[in-house]
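Data block below; observations after.
Please treat every number below as a calculation from the coordinates, not as lab data. Predicted model only: the values in this text are computed from it and were never measured. When we count neighbours, we look across all protein chains shown, and the Cβ atoms used for this are built from the backbone with ideal geometry, even at glycine.
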Amino acid sequence: MEILRSSSIFIILLVFVPALIQTKADSVYCSNPRSRCYGKYIECPYECPSTSYGNYKAKVCHVNCDSPVCKSYCKHRKPDCNGPGSACYDPRFIGGDGTVFYFHGKSNEHFSLVSDTNLQINGRFIGHRPAGRTRDFTWIQALGILFNSHSFSLEAIKAATWNDEVDHLKFSYNGEDLIVPEGALSSWYSPEKDVKVERVANRNSVIVTLKDSAEIMVNVVPVTKEDDKIHNYKVPSDDCFAHLEVQFRFFALSPKVDGVLGRTYQPDFQNPAKPGVAMPVVGGEVKYKTTQLLSANCLTCLYSPENSSNQEMTSVTEYLPLDCTRGASAGYGIVCTK
């Protein structure tokens, strides 16, 4: 009889444990009327019950309120170089349309990656040209962002050799250097709270969030000896070409968005990259070139902060993991609840 009673208690506990776990999971309410999942509560999975986290190695709850299935899933908050919106390697892009293409640019020059009426993101390219080559090997070394009449930059610091114990990231806001303390989960907010920088590892990995506009996941990495051997870069001994691996996610782009990567988010964009080609290269250096990292003076640049209030929404809007510790929706069209 005692064994039966104990078994019953054990079964009851098994029944109630999932319920207890479920009560701790965040629910996300899609409050943006333009999203496909508007008006719905989406519960986070048991595997990642929170949209924020205390362990930087843990996955977080990701919600896309514009998804036809209206479901959440677990995701690491670091760049996925094989996912849409990424720019990695030398440099290989994956567009918003999912097409892989290469844009080489030129060493020590700047190019418009994304240009919209209220957002400009430029990249500074670094690299070198070994003897006998007709073009530079290039990597993205820095990002320059114009947003809400402010400027923000993020760059990989040059190093002769790579050391994982050293932080190779440098930041600036409105022309002034800023310090984001080392250590996972440390963060910085702009005075208006419209720019957030959060470390997702002790060093060399951050997420930059531009309120209502974009999330940018960034890693700093070197050109490794293995990369050098495989691609025959012939990297000199005094520079490991520290560069950025980046993945962008956008909240609200206009249908006319331009830039090397930005144009792939146009609703009717026809990608010139040839499918089936091992290394599809697209040009456009002349029309995307800017004179500085923080300028919007290329031939196709659209950035105009005074017109941002009239920006038109596009159907390719994405919704991202949220920081529920700030309460409400923080302007993202999503509300976190318990």
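Pairs Lys225/Lys274; Lys40/Lys71; Lys71/Lys193: which exceed 19 Å Cα-Cα? Each step should come with its number before you reach the end.
Working: Lys225/Lys274 30 Å; Lys40/Lys71 10 Å; Lys71/Lys193 28 Å.
Exceeds cut-off: Lys225/Lys274; Lys71/Lys193.
Classify the range 172-281 as rounded, prolate or oblate from the Cα gyration tensor: take a ≥ b ≥ c as the square roots of its eigenvalues, call it rounded if a/c is under 1.5, otherwise prolate when a/b beats b/c and oblate if not. Write down the numbers at each step before the final one.
On the way: a/c = 2.55, a/b = 1.08, b/c = 2.36.
Judged from the Cα gyration tensor, the range 172-281 comes out oblate (a/c at least 1.5, b/c at or above a/b).
If R0 is 41 Å, what FRET efficiency do you get for Lys40 and Tyr189 from their C-beta distance, rounded to 0.05?
On the way: r = 29 Å, r/R0 = 0.72.
It comes out at approximately 0.90.
Be a star and scan the range 122-137 for residues whose amide nitrogen sits under 13 Å from the point 7 Å along the Cα-to-Cβ vector of Lys234.
Zone members listed by number: 128-137.
May I ask you to derive the relative contact order of the range 168-295, considering only C-alpha pairs under 8 Å and at least 6 residues apart, and to give it as an integer percent?
RCO, the range 168-295: 14 percent.
For the range 207-264, what is the convex hull (Cα atoms) projected area averaged across all directions, in square nanometres? Intermediate values should be presented prior to the final figure.
Working: hull surface 22.0 nm².
Mean orientational projected area (the range 207-264, Cα hull): 5.5 nm².
Can you spot the aspartates and glutamates whose alpha carbon is less than 12 Å from Lys234's alpha carbon? Ignore those fewer than 8 places along the same chain.
By straight Cα distance, Lys234 reaches Asp136, Glu226.
If packing is taken as the average count of other Cβ atoms within 10 Å, what order do 219-229, 84-94 fall into, highest mean first?
On the way: 219-229: 16.2, 84-94: 21.3.
Peptide ranking by packing, descending: 84-94, 219-229.
First check a/c for the range 118-252, with a ≥ b ≥ c the square roots of the eigenvalues of its C-alpha gyration tensor; if it is under 1.5, answer rounded, and if not, answer prolate when a/b is larger than b/c or oblate otherwise.
Judged from the Cα gyration tensor, the range 118-252 comes out prolate (a/c at least 1.5, a/b above b/c).
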